[in-house]
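*Asks:* Have a look at the structure that comes next, please.
The values are calculated or read from the model by the stated rules, or taken from the named source; none is laboratory data. The model shown is predicted, which means the values in this text are computed figures rather than measured ones. We place every Cβ from the backbone using ideal geometry, glycine too, and count neighbours over all the protein chains shown. Accessible surface is based on the protein model in full, side chains and every heavy atom, while ligands, DNA and RNA are left aside. Shrake-Rupley method; radii C 1.70, N 1.55, O 1.52, S 1.80 Å.
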Amino acid sequence: ILVESIENANSDMVVSGYFRVTQQGKIKRTVCLKNEEWSKFLNLAPWGKIYRLSFLKENGLHFLNTKKGEDVYLNVLAYAYSDKISVLPYVGYYWVDHEKSVTNKIHTKISRETDITIMFQDILSDMKKCNISQDFLEYFFVKACIYDILFSAPKSGYKDACELTEKLFYWLSERFPLWKKNKNISFFRPKGENLFTRFAVKTFCDLHKTGLIRAFLRLYCGWFVRRG
(Lines give C-alpha, C1' and ligand atoms only; values in the text may rest on other atoms or scores of the structure.)
Protein backbone atom coordinates (compact mmCIF):
# COMPACT_ATOMS: atom_id res chain seq x y z
CA ILE A 1 0.00 0.00 0.00
CA LEU A 2 2.77 2.46 0.90
CA VAL A 3 4.80 1.58 -2.20
CA GLU A 4 1.81 2.14 -4.46
CA SER A 5 1.12 5.47 -2.80
CA ILE A 6 4.67 6.82 -3.08
CA GLU A 7 4.89 5.75 -6.72
CA ASN A 8 1.49 7.10 -7.74
CA ALA A 9 1.92 10.46 -6.01
CA ASN A 10 5.67 10.74 -6.72
CA SER A 11 6.14 11.66 -3.06
CA ASP A 12 9.32 11.86 -1.03
CA MET A 13 7.58 10.16 1.88
CA VAL A 14 4.34 8.43 2.75
CA VAL A 15 3.15 8.50 6.37
CA SER A 16 0.46 6.18 7.76
CA GLY A 17 -1.08 5.30 11.11
CA TYR A 18 -0.52 2.43 13.53
CA PHE A 19 -1.93 0.22 16.25
CA ARG A 20 -0.23 0.11 19.64
CA VAL A 21 -0.78 -3.37 21.05
CA THR A 22 0.16 -5.42 24.09
CA GLN A 23 2.42 -8.45 23.78
CA GLN A 24 -0.76 -10.53 23.88
CA GLY A 25 -2.11 -8.68 20.82
CA LYS A 26 -4.71 -6.49 22.55
CA ILE A 27 -5.05 -3.09 20.85
CA LYS A 28 -4.31 -0.28 23.33
CA ARG A 29 -4.43 2.61 20.88
CA THR A 30 -5.27 3.24 17.25
CA VAL A 31 -3.73 6.21 15.44
CA CYS A 32 -5.44 6.93 12.13
CA LEU A 33 -4.13 9.98 10.30
CA LYS A 34 -6.40 12.55 8.71
CA ASN A 35 -5.77 14.63 5.62
CA GLU A 36 -4.52 17.58 7.68
CA GLU A 37 -1.12 19.25 7.69
CA TRP A 38 -0.49 18.42 11.35
CA SER A 39 -1.42 14.72 11.06
CA LYS A 40 2.03 13.58 9.97
CA PHE A 41 3.37 14.74 13.36
CA LEU A 42 1.28 12.04 15.04
CA ASN A 43 3.79 9.52 13.73
CA LEU A 44 7.40 10.56 14.27
CA ALA A 45 8.77 7.02 14.44
CA PRO A 46 10.57 5.47 11.44
CA TRP A 47 7.92 2.79 11.01
CA GLY A 48 4.51 3.18 9.36
CA LYS A 49 6.27 5.09 6.60
CA ILE A 50 8.10 4.70 3.34
CA TYR A 51 10.90 7.03 2.22
CA ARG A 52 12.31 7.73 -1.21
CA LEU A 53 15.97 6.78 -0.88
CA SER A 54 17.20 9.58 -3.14
CA PHE A 55 15.40 12.13 -0.92
CA LEU A 56 17.17 10.84 2.19
CA LYS A 57 20.58 10.82 0.49
CA GLU A 58 20.26 14.22 -1.16
CA ASN A 59 19.41 15.86 2.16
CA GLY A 60 21.83 13.83 4.28
CA LEU A 61 19.03 12.62 6.53
CA HIS A 62 19.97 10.13 9.24
CA PHE A 63 19.24 9.07 12.80
CA LEU A 64 20.71 11.18 15.59
CA ASN A 65 23.26 9.47 17.84
CA THR A 66 21.30 9.90 21.08
CA LYS A 67 19.47 7.67 23.55
CA LYS A 68 16.21 9.52 23.01
CA GLY A 69 14.60 11.18 20.00
CA GLU A 70 16.93 9.82 17.31
CA ASP A 71 13.97 9.02 15.06
CA VAL A 72 12.11 12.25 15.88
CA TYR A 73 15.16 14.18 14.70
CA LEU A 74 15.14 12.33 11.35
CA ASN A 75 11.44 12.79 10.67
CA VAL A 76 11.07 16.43 11.72
CA LEU A 77 13.93 17.31 9.37
CA ALA A 78 12.35 15.19 6.63
CA TYR A 79 9.05 17.05 7.09
CA ALA A 80 10.94 20.33 6.96
CA TYR A 81 12.81 19.47 3.78
CA SER A 82 9.91 18.24 1.63
CA ASP A 83 6.58 19.58 0.45
CA LYS A 84 5.83 16.24 -1.20
CA ILE A 85 4.64 14.14 1.73
CA SER A 86 1.56 11.94 1.44
CA VAL A 87 -0.56 11.20 4.52
CA LEU A 88 -2.70 8.06 4.39
CA PRO A 89 -5.69 7.15 6.60
CA TYR A 90 -4.43 3.54 6.32
CA VAL A 91 -3.55 1.79 9.60
CA GLY A 92 -1.38 -1.27 9.07
CA TYR A 93 1.61 -1.18 11.41
CA TYR A 94 1.44 -2.92 14.81
CA TRP A 95 3.68 -1.36 17.48
CA VAL A 96 4.07 -3.98 20.20
CA ASP A 97 4.42 -2.46 23.68
CA HIS A 98 7.16 -4.49 25.40
CA GLU A 99 7.45 -3.84 29.14
CA LYS A 100 11.26 -4.09 29.03
CA SER A 101 11.76 -2.00 25.89
CA VAL A 102 14.01 1.07 25.76
CA THR A 103 10.89 3.24 25.56
CA ASN A 104 9.47 1.81 28.79
CA LYS A 105 12.78 1.58 30.68
CA ILE A 106 15.41 4.18 29.72
CA HIS A 107 13.00 6.77 28.30
CA THR A 108 10.89 6.90 31.46
CA LYS A 109 13.81 8.07 33.60
CA ILE A 110 15.11 11.62 33.79
CA SER A 111 18.87 11.60 33.23
CA ARG A 112 21.61 13.27 31.20
CA GLU A 113 21.47 10.57 28.54
CA THR A 114 17.73 11.16 27.98
CA ASP A 115 18.02 14.96 27.77
CA ILE A 116 15.79 15.84 24.80
CA THR A 117 17.11 19.40 24.54
CA ILE A 118 20.13 17.87 22.77
CA MET A 119 17.81 16.54 20.07
CA PHE A 120 15.87 19.82 20.00
CA GLN A 121 18.97 21.88 19.45
CA ASP A 122 20.28 19.56 16.74
CA ILE A 123 16.99 19.83 14.86
CA LEU A 124 17.17 23.62 14.86
CA SER A 125 20.89 23.69 14.05
CA ASP A 126 20.62 21.21 11.16
CA MET A 127 17.41 22.58 9.63
CA LYS A 128 18.73 24.25 6.47
CA LYS A 129 15.25 24.85 5.02
CA CYS A 130 11.75 24.54 6.42
CA ASN A 131 8.44 23.61 4.83
CA ILE A 132 6.84 23.53 8.28
CA SER A 133 4.94 26.66 9.34
CA GLN A 134 6.44 28.54 12.28
CA ASP A 135 3.28 27.97 14.33
CA PHE A 136 3.45 24.20 13.80
CA LEU A 137 7.19 23.99 14.45
CA GLU A 138 6.80 25.93 17.69
CA TYR A 139 3.81 23.83 18.75
CA PHE A 140 5.81 20.66 18.06
CA PHE A 141 8.45 21.74 20.59
CA VAL A 142 5.84 22.76 23.18
CA LYS A 143 4.06 19.42 22.84
CA ALA A 144 7.34 17.47 22.93
CA CYS A 145 8.37 19.20 26.16
CA ILE A 146 5.05 18.43 27.83
CA TYR A 147 5.05 14.82 26.63
CA ASP A 148 8.58 14.31 27.97
CA ILE A 149 7.58 15.68 31.38
CA LEU A 150 4.40 13.64 31.68
CA PHE A 151 6.09 10.46 30.42
CA SER A 152 9.17 10.76 32.65
CA ALA A 153 7.74 12.25 35.84
CA PRO A 154 5.97 9.19 37.34
CA LYS A 155 9.14 7.09 37.67
CA SER A 156 11.45 10.00 38.46
CA GLY A 157 9.56 11.68 41.29
CA TYR A 158 8.28 15.15 42.10
CA LYS A 159 11.61 16.91 42.61
CA ASP A 160 13.15 15.68 39.35
CA ALA A 161 9.89 16.40 37.48
CA CYS A 162 9.93 20.01 38.70
CA GLU A 163 13.56 20.44 37.65
CA LEU A 164 12.85 18.96 34.22
CA THR A 165 9.82 21.22 33.76
CA GLU A 166 11.86 24.28 34.69
CA LYS A 167 14.64 23.30 32.30
CA LEU A 168 12.39 22.54 29.32
CA PHE A 169 10.23 25.64 29.65
CA TYR A 170 13.35 27.77 30.06
CA TRP A 171 14.60 26.26 26.79
CA LEU A 172 11.28 27.06 25.12
CA SER A 173 11.35 30.65 26.31
CA GLU A 174 14.93 31.09 25.09
CA ARG A 175 14.29 29.67 21.60
CA PHE A 176 10.65 30.70 21.16
CA PRO A 177 9.99 33.80 23.30
CA LEU A 178 6.39 34.12 22.09
CA TRP A 179 5.44 30.45 22.46
CA LYS A 180 2.66 31.24 24.95
CA LYS A 181 0.76 33.04 22.18
CA ASN A 182 0.87 30.08 19.80
CA LYS A 183 -2.61 29.70 18.31
CA ASN A 184 -2.33 25.90 18.31
CA ILE A 185 -2.28 25.74 22.10
CA SER A 186 -6.03 25.29 22.12
CA PHE A 187 -8.78 22.77 22.83
CA PHE A 188 -9.76 23.09 19.16
CA ARG A 189 -6.44 23.17 17.30
CA PRO A 190 -4.43 22.06 15.47
CA LYS A 191 -6.70 20.19 13.08
CA GLY A 192 -5.68 16.56 12.93
CA GLU A 193 -4.41 16.49 16.52
CA ASN A 194 -5.75 13.93 18.99
CA LEU A 195 -8.45 15.45 21.23
CA PHE A 196 -6.85 14.12 24.43
CA THR A 197 -3.49 15.59 23.40
CA ARG A 198 -5.04 19.00 22.74
CA PHE A 199 -6.57 18.92 26.20
CA ALA A 200 -3.30 17.84 27.86
CA VAL A 201 -1.19 20.49 26.10
CA LYS A 202 -3.67 23.32 26.74
CA THR A 203 -4.21 22.39 30.38
CA PHE A 204 -0.50 21.96 31.11
CA CYS A 205 0.28 25.35 29.53
CA ASP A 206 -2.51 27.02 31.52
CA LEU A 207 -1.21 25.51 34.75
CA HIS A 208 2.28 26.72 33.92
CA LYS A 209 1.08 30.26 33.16
CA THR A 210 -0.88 30.49 36.41
CA GLY A 211 1.96 29.14 38.57
CA LEU A 212 0.09 25.97 39.50
CA ILE A 213 2.33 23.52 37.69
CA ARG A 214 4.25 22.40 40.81
CA ALA A 215 1.00 21.60 42.60
CA PHE A 216 -0.12 19.58 39.58
CA LEU A 217 3.19 17.68 39.39
CA ARG A 218 2.97 16.81 43.10
CA LEU A 219 -0.50 15.34 42.57
CA TYR A 220 0.50 13.66 39.30
CA CYS A 221 3.60 11.97 40.71
CA GLY A 222 1.78 11.07 43.93
CA TRP A 223 -1.04 9.42 41.99
CA PHE A 224 1.39 7.08 40.24
CA VAL A 225 3.13 6.26 43.52
CA ARG A 226 -0.22 5.30 45.09
CA ARG A 227 -1.00 3.10 42.09
CA GLY A 228 2.28 1.28 42.74
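*Asks:* If a/c stays under 1.5 just call it rounded; otherwise compare a/b with b/c (prolate if a/b is bigger, oblate if not). Do that for segment 128-228, with a ≥ b ≥ c from the square roots of the Cα gyration tensor eigenvalues.
*Replies:* Verdict is prolate for segment 128-228.
*Asks:* For the residue pair VAL91 and LEU219, what label-to-label distance in nm results when each label sits 7 Å from Cα along the Cα-to-beta-carbon direction?
*Replies:* 3.1 nm
*Asks:* Okay, next question. Taking the structure as given and computing volume of the Cα convex hull per residue in Å³, which label from (i) 129; (ii) 197; (iii) 104 fits?
*Replies:* After the calculation, the listed value that fits is (i).
*Asks:* For n ≥ 4 DSSP H runs only, could you compute -39500 (n - 2.57) per run for the chain, divide by its residues and tell me the 222 nm figure to the nearest 500?
*Replies:* -15000 deg cm²/dmol
*Asks:* Quick check: at a probe of 1.4 Å, how many percent of the accessible area of segment 1-126 sits on carbon and sulfur atoms?
*Replies:* 49 percent
*Asks:* For a quick check, take a GNM of the chain with Cα springs below 10 Å and name the residue from ASP12, ASP206, ASP148 with the largest mean-square fluctuation.
*Replies:* Maximum among the listed residues: ASP206.
*Asks:* Let me ask you something else. With the full set of protein chains in place, find how many percent of the accessible area of segment 143-221 is carbon and sulfur; take the probe as 1.4 Å.
*Replies:* 62 percent
*Asks:* OK, next. Under 10 Å, Cα contacts only: if you run a Gaussian network model on the chain, which one of LYS129, LYS202, LYS191 comes out with the highest mean-square fluctuation?
*Replies:* LYS129
*Asks:* Any chance you could look up the accessible area of LYS67 with a 1.4 Å probe, heavy atoms only, rounded to 10 Å²?
*Replies:* Taking all protein chains as shown, LYS67 has close to 110 Å².
*Asks:* With a 1.4 Å probe and all protein chains kept in place, how do ILE1, ILE213 rank by accessible area, largest first?
*Replies:* The ranking, largest first, comes out as ILE1, ILE213.
*Asks:* Which sequence of LEU88, LEU195 reflects their accessible areas, 1.4 Å probe, from the largest down?
*Replies:* Output order, biggest surface exposure first: LEU195, LEU88.
*Asks:* How would TRP38, TRP95 rank on accessible area, largest to smallest, probe 1.4 Å?
*Replies:* The ranking, largest first, comes out as TRP95, TRP38.
*Asks:* Given springs between every Cα pair under 10 Å in a Gaussian network model of the chain, which of GLU36, GLU58, GLU163 has the largest fluctuation?
*Replies:* The residue that fluctuates most here is GLU58.
*Asks:* Another question, then. From the Cα gyration tensor of segment 45-103, with a ≥ b ≥ c the square roots of its eigenvalues, which class applies: rounded if a/c is under 1.5, or else prolate if a/b is larger than b/c, or else oblate?
*Replies:* oblate
*Asks:* Next up: I'd like to check one number: the per residue accessible area of the chain, probe 1.4 Å, reported in Å² as a whole number.
*Replies:* Averaged over the residues of the chain, the accessible area is 55 Å².
*Asks:* Could you give the size of the charge dipole of the chain about its Cα centre, using +1 on the Cβ of each K and R and -1 on the Cβ of each D and E, expressed in debye and rounded to the nearest 20?
*Replies:* Dipole size: approximately 900 debye.
*Asks:* Enter the accessible area of ARG20 (Å², nearest 10), with the probe set to 1.4 Å and all protein chains included.
*Replies:* 40 Å²
*Asks:* Specify which residue in the list GLY222, MET13, SER133 is farthest towards the positive end of the charge dipole of the chain, using unit charges on the beta carbon of Lys, Arg (+1) and Asp, Glu (-1), about the Cα centre.
*Replies:* Result: GLY222, furthest along the dipole toward the positive end.
*Asks:* Could I have the simple spin-label model distance between LYS191 and CYS130, label points 7 Å from Cα toward Cβ, reported in nm to one decimal?
*Replies:* With each label placed 7 Å out from Cα toward Cβ, I get 2.2 nm.
*Asks:* Express in nm, to one decimal, how much length is gained between LYS84 and LYS26 on full extension, taking 0.36 nm for each residue of separation and deducting their alpha carbon distance.
*Replies:* Additional length available on full extension: 17.4 nm.
*Asks:* Which value, in Å² rounded to 10, gives the accessible area of ARG52 with a 1.4 Å probe and all protein chains present?
*Replies:* Solvent-accessible area, nearest 10 Å²: 80 Å².
*Asks:* Determine which lysines satisfy two conditions relative to LYS84: a Cα distance under 18 Å, and not lying fewer than 8 residues away in the same chain.
*Replies:* In chain and number order, the partners are LYS34, LYS40, LYS49, LYS57, LYS128, LYS129.
*Asks:* Taking a ≥ b ≥ c as the square roots of the Cα gyration tensor eigenvalues, with a/c under 1.5 meaning rounded and otherwise prolate when a/b beats b/c, else oblate, which class fits segment 1-75?
*Replies:* oblate
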